[in-house]
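Bear in mind that the values in this text are calculations on the coordinates, not laboratory data. Owing to the predicted nature of the structure, the values given are computational and were not obtained by experimental measurement. FYI the Cβ positions are ideal-geometry reconstructions off the backbone, even for glycines, and counts take in every protein chain you see.
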Amino acid sequence: MLARRPLATAATALTAALVALSALSGCASANSGAGLVTGRTTTASATRVAVIGDSIESGLGLEPEEAWPALVAADRGWRLDNLSVPGAGFVAQGSNGADFSAQVDTAIASDAELVLIGASDNDLGTDVSEVAAAMEKQVARLHSSLPDAHIVGFNALSGEAGDDELAPFDDALQKAVEGVGGTWLDLGQPYRDGAGLVQDDGEHPTLPGQQAIAAVVETRLGA
């Protein structure tokens, strides 16, 4: 195991505080994941990373560099292409008028070495089987077009949607990702209901909320 990085060290304390807060409020979330992915730290050999996601990953309401993918990338020395678009999902069309297939196109064109792709609460309201089929298709495209890339999936992050609502979509994406030999990260809901971690809209994380997500991602990826 490599030495912990500055962000991971500071973020661990924040995560511990969140766990304590969750216990006091009677809320808990289960997290699982193995330390399977590490980043390279030198510019010359920086890992090309693409993130496919929605407004949580894009950092809606914040500066782009404050979104959790940027925080993790800065800590790990990744060459990041954060393709995330507010409103987008595997079926849902985002603010750019496209679903995740457009982000997959860009990830493939960028020849990413590591692709992080998440489920999205934007797909709630669409039949699970339709979303699952879209997930399987896009993950298969990534795998066939980027056979040497490591594909990492993660659960939908949401400040408002409940775990029971999200579970069928998370399960479908996990099946698709693991089906092509990828890695699944259960991140739980690191910012939901946390004091100061959610913006006034009740859905999107504040900077401390994004930092809380980054802390869990760092732990799941492995220090």
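For the reader, a short list of remarks on this structure follows.
- 5 angstrom amide H check on D81, placed H, neighbours 5+ away: V49, A50, V51
- Sequence-ordered 3J(HN,Hα) estimates for the range 151-166 from the Karplus curve with 6.51, -1.76 and 1.60 and θ = phi - 60° stand at 9, 10, x, 9, 5, 5, 9, 7, x, 10, 5, x, 4, 5, 5, 7 Hz, glycine and proline given as x.
- Relative packing of peptides 56-68, 79-91 - highest average C-beta neighbours within 10 Å first: 79-91, 56-68
- Sparsely packed loop sites in the range 132-175 (the trypsin sites (Lys or Arg not before Pro) outside DSSP H, G, I, E and B with at most 14 other Cβ atoms within 10 Å) do not occur.
- Remark: the range 121-199 is approximated by an ellipsoid whose semi-axes, taken from the C-alpha gyration tensor as √(5λ), come to 25, 15, 9 Å, largest first.
- Under the Karplus curve 6.51 cos²θ - 1.76 cosθ + 1.60, θ = phi - 60°, whole-Hz ³J(HN,Hα) for the range 206-219, x wherever Gly or Pro sits: 6, 4, x, x, 5, 5, 5, 5, 4, 4, 5, 4, 4, 5
- The H on the amide N of L185, modeled in the peptide plane, is under 5 Å from the matching H of G153, F154, N155, each at least 5 residues off or on a different chain.
- The range 89-223: Cα Rg divided by the 2.2 N^0.38 Å rule of thumb: 1.04
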